């Protein structure tokens with residue numbers, strides 16, 4: 001009897017994914033995608049071949065902003081990258097990473113044509129680039145195009161050659177990373193993370209975290225399941241390559257972001273109707289946005305926040321409990337996270353600065369483990385004794401406020 005090991009299963013699954021998407025680059029395969037509505041104005045400039053070979057389940061480009069540096073994981077034929085290029089404008093940049101040679105060929109094929117349409121250099125390392133890299137999304141530091149160039153010059157024919165190859169790849173990751181640390185404003189991905197084998201997923205999320213700038217975000221569209229997928233389905237290479245058996249659970253996708261250090265995870269889109277149902281398990285498309293930047297020291301600068309509601313109380317990803325209507329004491333770092341523009345919390349929070357600012361140099365350490373209210377006198381100052389009574393001049397024609 002032949003017993004299949006985990007390594008055997010991994011190789012079979014990876015080969016199935018590679019072969020299926022190589023075929024999908026040559027001829028459209030409807031089973032690999034969900035119905036998605038994109039902004040038509042961004043599609044008009046794109047070649048029909050790219051539109052036909054797109055295999056996604058959402059539109060993470062909706063979360064790209066003007067001026068962003070964008071990284072698309074599993075960029076395929078380049079559709080999301082070329083949409084993002086139109087959004088980011090002349091001050092932005094777009095990078096795509098994919099492992100499939102046929103998909104990369106398709107994406108790169110239209111760079112000269114789209115350069116003319118968009119009126120800027122899409123294939124340059126400088127200016128406003130749209131560049132496509134060959135690499136694994138769980139190893140964003142290693143540029144596999146450079147590895148292939150090395151192997152052309154230095155074929156591996158011995159253990160010593162193999163050792164030199166490993167030394168070269170280690171050096172590449174350090175000195176010439178494909179995607180540098182803290183270089184990306186937004187990481188997007190469209191129905192790709194679930195194709196990565198489970199053993200590599202923690203590293204994949206660490207890589208997303210590594211390349212994002214502080215204050216950056218990830219917008220991920222993917223297929224999730226409402227139940228754990230059984231091992232028998234996970235060993236089915238056809239189901240895995242079809243974005244089924246490798247699906248995260250709904251809670252598992254959020255937990256993966258949390259464990260990597262992200263905050264403010266939000267399900268911004270969830271299809272009510274399942275895309276597919278297999279053995280009673282529902283698989284549907286979701287889009288999740290997560291943020292980077294909660295790491296750092298906690299300083300006491302006498303700031304407070306008021307949670308507007310409607311919930312009686314809420315808890316953030318650092319364990320801060322905010323009670324509706326109460327002035328809650330927070331550290332300077334948390335205060336900035338809550339009130340900064342485009343913060344996931346900003347619409348629900350009122351920020352209260354002290355009347356007498358406390359400089360960072362004078363600030364003491366704040367104990368973020370204690371959920372405490374802040375007395376108004378801490379904001380105003382203990383000696384604050386101002387009296388100000390409104391006169392009739394503040395009243396409008398319809399009476400006083």
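PRE reach from residue 368 (point 7 Å along Cα→Cβ): which of the stretch 285-328 fall under 11 Å by backbone N? Residues 293-299, 317-320 fall inside that zone.
In this label model, residue 353 and residue 226 are separated by 4.8 nm, measuring between points 7 Å along each Cα→Cβ vector. Scaling against 2.2 N^0.38 Å puts the C-alpha radius of gyration of the stretch 267-318 at 1.88. Placing pseudo-labels 7 Å out from each Cα toward the beta carbon at residue 183 and residue 66 gives an inter-label distance of 2.6 nm.
Which value results when the Cα radius of gyration for the stretch 299-380 is divided by 2.2 N^0.38 Å? Intermediate values should be presented prior to the final figure.
Numbers: Rg = 11.9 Å, N = 82, 2.2 N^0.38 = 11.7 Å.
Dividing the Cα Rg of the stretch 299-380 by 2.2 N^0.38 Å gives 1.02.
Calculate, in nm to one decimal, what residue 150 and residue 199 gain on full extension: separation in residues at 0.36 nm each, minus their alpha carbon distance. Before the final figure, lay out each step's value.
Numbers: separation 49, 0.36 × 49 = 17.64 nm, distance 2.77 nm.
Result for the pair: 14.9 nm of gain on full extension.
Computed extension length for residue 173-residue 255: 26.8 nm, one decimal, from 0.36 nm per residue of separation with the Cα-Cα distance subtracted. In this simple spin-label approximation, residue 266 and residue 385 carry label points 7 Å from Cα along the Cα→Cβ vector, and these lie 4.6 nm apart. Taking Cα centroids, how far is the stretch 75-106 from the stretch 186-265 in Å? If we compute the Cα centre of each part, the gap is 20 Å. Peptide packing for 105-117, 363-375, 67-79, 133-145 was compared via the average number of neighbouring C-beta atoms within 10 Å per residue; ordered from the highest value, the list is 67-79, 133-145, 105-117, 363-375. Each peptide among 184-194, 36-46, 81-91, 251-261 gets the average number of other Cβ atoms lying within 10 Å of its residues, and from highest to lowest they stand as 184-194, 81-91, 251-261, 36-46.
Bear in mind these aren't lab numbers, they're just calculated from the coordinates by the rules spelled out. The structure displayed is predicted, hence computed values, not measured ones. In this analysis, Cβ positions are derived from the backbone assuming ideal geometry, glycine residues included, and neighbour counts consider all displayed protein chains.
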